[in-house]
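Visitor: Mind having a look at this structure? Questions to follow.
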Amino acid sequence: METINIFIGIGAFIFLLLFFYYVPIVLWFSAIVSGVHVSLIQLMLMRIRKVPPSIIVQAMIEAHKAGLAQIRRDELEAHFLAGGHVRNVVHALVSANKANINLTFQMATAIDLAGRDVFQAVQMSVNPKVIDTPPVTAVAKDGIQLIAKARVTVRANIKQLVGGAGEETVLARVGEGIVSSIGSSDSHKTVLENPDSISKVVLEKGLDAGTAFEILSIDIADIDIGKNIGAGLQIDQAEADKNIAQAKAEERRAMAVALEQEMKAKAQEARAKVIEAEAEVPRAMAEAFRNGNLGIMDYARYQNLQADTQMRQTIAKPTTSTTTKTSKQ
């Protein structure tokens, strides 16, 4: 008998747990006290649909207390089943209502389902955010490099949160505007004297178009002087010109050496032909003797002329001793 009572007690306890789990009477009573009308059957159906009743009821109570009567229970359930954050959406709607920001439930849920924090977006719309850009390097027309840092004050654009570009795009556009502004300056001194000119030029470009933010101001926080890029480029150009000139000179020298070698080869060929022609002279003379075209007297005169020519060459050529004495003097 005692065992049966124990089993009955356990069964009754389990039944009560299941009953209060599927029939959240405390949550229903809390909703009724707060002025939110939701039936126990609807709370039971939420459990069956795998929707936490506490999240939906608390969101409805918060919206009701804030005066947001347009939020309905089935819309909250649908947003939760779609993977949205019900609490963030309701928080955002309440904050937007208090700040007089036109934000509808459909827009808030769309922003939330797009992956953005809609509550943080509303806060950023009320309290603008300051974004520090990374160091941006640019070169003025005089060749001096400048490194600038800017602070961009942005406010969330509620209407552009769905499909609008993020902070990275804003920073990239601001950096591009800074580079363009510095690059169009005639001197780096002008930029250092009037850094606010960069802000004016960048703001006039409308860099926040197509983004989820509205740029309120761009302030240049710091500008440092970098390298003399112009002088470095001139040095590199001069070095390149020198290398080109050296290469051309080496090419001309190689062509001159090749021409000299060619002339030497031609001279050697000419000397070889002369020697070959001189070797033919005795044969021609012997042939002339045999044919009677050259007599003894003619040969004697040829010998005398050759000896006379050799003597003249010997006299004209300085001796070794004479050259040595001249060098000593």
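The values are calculated or read from the model by the stated rules, or taken from the named source; none is laboratory data. Remember, it's a predicted structure, so these values are computed and weren't measured experimentally. We place every Cβ from the backbone using ideal geometry, glycine too, and count neighbours over all the protein chains shown. Heavy atoms of the whole protein, side chains included, go into the accessibility calculation; ligands, DNA and RNA do not. Shrake-Rupley method; radii C 1.70, N 1.55, O 1.52, S 1.80 Å.
Visitor: Among GLN120, GLN70, GLN268, which one moves the most in a GNM of the chain with springs linking Cα atoms closer than 10 Å?
Guide: Sorting by GNM fluctuation, first place goes to GLN268.
Visitor: Right, something else. Using the heavy atoms of the protein chains and a 1.4 angstrom probe, tell me the accessible area per residue for the chain in square angstrom.
Guide: 66 Å²
Visitor: Between LYS98 and ALA284, 0.36 nm times their residue separation minus their Cα-Cα distance comes to what?
Guide: The span from LYS98 to ALA284 would gain 53.9 nm if fully extended.
Visitor: Listed here are the pairs LYS242/LYS264; LYS242/LYS266; LYS129/LYS200; which of them are more than 25 Å apart at the Cα?
Guide: Those over the limit are LYS242/LYS264; LYS242/LYS266.
Visitor: Another one. Convert each backbone phi in the range 43-49 into a coupling constant with the Karplus relation 6.51 cos²θ - 1.76 cosθ + 1.60 (shift: θ = phi - 60°), then list the ³J(HN,Hα) values in order as whole Hz, x for Gly and Pro.
Guide: 5, 5, 5, 4, 4, 5, 7
Visitor: Please identify, among GLN246, GLN160, GLN261, the residue showing maximal mean-square fluctuation in a Gaussian network model of the chain using a 10 angstrom Cα cutoff.
Guide: Comparing GLN246, GLN160, GLN261 in a Gaussian network model of the chain, the most mobile one is GLN261.
Visitor: Can I ask one more? Given a 1.4 angstrom probe, I'd like the percentage of the accessible area of the chain that is carbon and sulfur, rounded to a whole number.
Guide: The C+S portion of the solvent-accessible surface of the chain is 58 percent.
Visitor: I need to check one value: relative contact order of the chain, counting alpha carbon pairs closer than 8 Å and at least 6 residues apart, in percent.
Guide: 11 percent
Visitor: What is the angle, in °, between the Cα long axis of helix 86-98 and the longest principal axis of the Cα atoms in the chain? Nearest 10 is fine, range 0 to 90.
Guide: Orientation of helix 86-98: about 90 degrees from the principal axis.
Visitor: Just want the answer: with Cβ charges of +1 for Lys and Arg and -1 for Asp and Glu, which residue in ALA265, ALA245, ILE235 is farthest toward the dipole's positive end in the range 219-308?
Guide: My answer, from the dipole projection, is ALA265.
Visitor: Ok, one more. Please give the helix 167-183 orientation as an angle from the longest Cα principal axis of the chain, in degrees from 0 to 90, rounded to the nearest 10.
Guide: Helix 167-183 and the main axis of the chain meet at about 40 degrees.
Visitor: Also, quick follow-up: Which order do the peptides 236-244, 222-230 take when ranked by the mean count of other beta-carbon atoms within 10 Å per residue, highest first?
Guide: By packing density, highest mean first, the sequence is 222-230, 236-244.
Visitor: Give me the percent relative contact order of the range 57-125, please, defined on Cα pairs under 8 angstrom at least 6 residues apart.
Guide: 30 percent
Visitor: If you compute Cα extents along the principal axes in Å for the structure shown, which of (1) 72, 45, 39; (2) 79, 39, 36; (3) 169, 69, 42 do you land on?
Guide: Recomputing Cα extents along the principal axes in Å here gives the entry labelled (3).
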